[in-house]
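Have a look at the structure below, then the notes.
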Amino acid sequence: MALLWPALGLVALVIVLFVLERRYPDAVGRFEENILAILLAAITFVSFTQVIARYGFNSGWGGALEFTRILFAWMILFGMSYGVKNGIHLGVDAFIRMMPSRLFKLAAIFGAVCVFLYAFILLYAGWMRLVGADVSTNWRQTGAIGYWKFMFDRGTGLDDLRYPLWMQEAFGLQDRVQRWVAYLMLPVGLALLAFRALQGVLSIARGERDLIIAGHEAEDLVAENKDALKE
């Protein structure tokens, strides 16, 4: 029961994303791209200003390194599902491409199912006890949801990242930013990855896509540009 509300929150997030994507697929795609672009831009801006402040004014922001490290982790965790959705994760498909079409499709589905299970196990491994796996009974050690809930209950602060003084005074916040704020993208990113992998399974089964990876992107680029030099 301790993990019920975080789990329901993730389920609600996936349902909302699914509904919005069915009605506004282009808008959802642009929203995801904008999130990744904002994260990358923020990392670049903070890093650049830190260099100027340090070498130009012998100053700087003490929490900059931790802040950029968190943003980079967020970009990776959020980008995992975006990469699966758009089939841009690099992969090796030379072997399965030699299989008959039916076996190739089964191998592609198996790969997508493995990605789903990978994300789901990292998200919450407690369910594996149902199939006889030896998994810790401590909910804090059963995956990203339990770990995030543990940090949320403790309220432990980060090492260097602090709330601005005006936010502390206006909202009664503690000095240091809580770790659960930084770790929020961990369960969210894994939930989105599981959702996109499950979408990939269905898309492959319906014949709407071949794989959830980009295995032949180099060959495609060569084929598209083989006459470029002639022109």
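The values are calculated or read from the model by the stated rules, or taken from the named source; none is laboratory data. The structure presented is a predicted model; accordingly, all values stated were derived computationally and were not measured. Using ideal geometry, Cβ is built from the backbone for each residue, glycine included, and neighbour counts are taken over all protein chains shown. These area figures cover heavy atoms from the full protein model, side chains too; ligands, DNA and RNA do not enter into them. Shrake-Rupley method; radii C 1.70, N 1.55, O 1.52, S 1.80 Å.
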Rg(Cα)/(2.2 N^0.38 Å) for the range 57-113, N = residue count: 1.93
Sequence of Tyr124, Tyr82 from largest to smallest accessible area, 1.4 Å probe: Tyr124, Tyr82
Solvent-accessible area per residue for the chain (1.4 angstrom probe, square angstrom): 65 Å²
Table column - 3J(HN,Hα) (Hz), the range 3-12, Karplus curve with 6.51, -1.76, 1.60, x for Gly and Pro: 9, 4, 5, x, 5, 5, x, 5, 4, 4
By accessible area with a 1.4 Å probe, ligands and nucleic acids excluded, highest first: order of Tyr118, Tyr163, Tyr183: Tyr118, Tyr183, Tyr163
Environment charge at Phe104 (Cβ cut-off 12 Å; Lys +1, Arg +1, Asp -1, Glu -1): +1
Trp127 accessible area, assembled protein chains, probe 1.4 Å, Å²: 70 Å²
Most mobile listed residue (Gly157, Gly56, Gly83) in the chain, GNM with C-alpha springs under 10 Å: Gly56
Heavy-atom accessible surface of the chain: percent carbon and sulfur, 1.4 Å: 66 percent
Length-normalised contact order for the range 7-86 - Cα pairs under 8 Å, 6+ apart - percent: 30 percent
Kirkwood Rh in Å, taken over all unlike Cα pairs in the chain: 20.7 Å
Estimated FRET transfer efficiency (Arg206, Tyr24; beta-carbon r; R0 30 Å; 0.05): 0.90
Separation of the Gln174 and Leu13 label points, Cα + 7 Å toward Cβ, nm: 2.1 nm
Within a Gaussian network of the chain (alpha carbon springs, distance under 10 Å), most fluctuating of Gly207, Gly111, Gly143: Gly207
Under-5 Å amide H pairs with Gly157, H placed in peptide plane, nonlocal only: Arg179
Solvent-accessible surface (1.4 angstrom probe) belonging to Asp26, in square angstrom, nearest 10: 110 Å²
For the chain, built as a Gaussian network whose Cα springs stay under 10 Å, the top-fluctuating residue of Thr44, Thr142, Thr68: Thr44
Cβ-based net charge around Glu66, under 13 Å, with every Lys or Arg adding one and every Asp or Glu removing one: +2
